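K.L.:
Structure provided below as structure tokens; questions to follow.
Each value in this text was obtained by applying a stated rule to the coordinates, not by laboratory testing. Bear in mind that the values here come from a model prediction, so they are computed numbers and not experimental data.
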Amino acid sequence: MSPRKRGGTRGELALALALLVVALGVDLFWLRPAQGALDRLAGRREAAEQNLRRTQERAAEAREVLDYVSEGVPSDQDWKAAYGHADPLATLERLRKSAGLRLLDLSMQKRVPGKPFTRTTYFMGVYGNFDRQIRFLRALESARPLILVDSFTLDTGLADPYMSLKLNLSVLSLSGDTSP
């Protein structure tokens, strides 16, 4: 081999080694810190989005409490009249819509008259994310007319972030004669 070719190979090898050192330096001192900063910003954004969702939920709950308190305490007769005229289907639909859930099924099962309440059972299926499902269950607890959740199941698909909620509900409405 000629000395010139050997020197050229050494020069190419030195150039390749220098480029490798420069590439590693760029990676270690410029790209990785930038990626770390980007990861920290993404984490902060996710935390801020979670805080925003919690704040929106708290605001919705505060509005519900404010509406309830602003209504005042009705007299016994006013309460009975409002309770007696409450439409259970309209109440269930209003609560579902306010929770932001999609209706899958709503059907009346049976009606059992009694004193002072008539018990009507329903099957209801709704679809949405977990937070909205919980908001809906909480709203059912404080609904007028009185709604009892007899049983419920939550189902989710493997790749689906949403879930279906299947409920067996009992709605207690005042019978015509409210004396005990």
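K.L.:
Name the aspartates and glutamates eligible as straight-distance cross-link partners of K115: C-alpha to C-alpha under 14 Å, and not fewer than 8 places from it in the same chain.
P.N.:
In chain and number order, the partners are D177.
K.L.:
Ordered by residue, what ³J(HN,Hα) values in Hz, to whole numbers, does region 149-158 give under the Karplus form 6.51 cos²θ - 1.76 cosθ + 1.60, where θ = phi - 60° and Gly and Pro are x?
P.N.:
8, 6, 7, 8, 9, 10, 10, 9, x, 5
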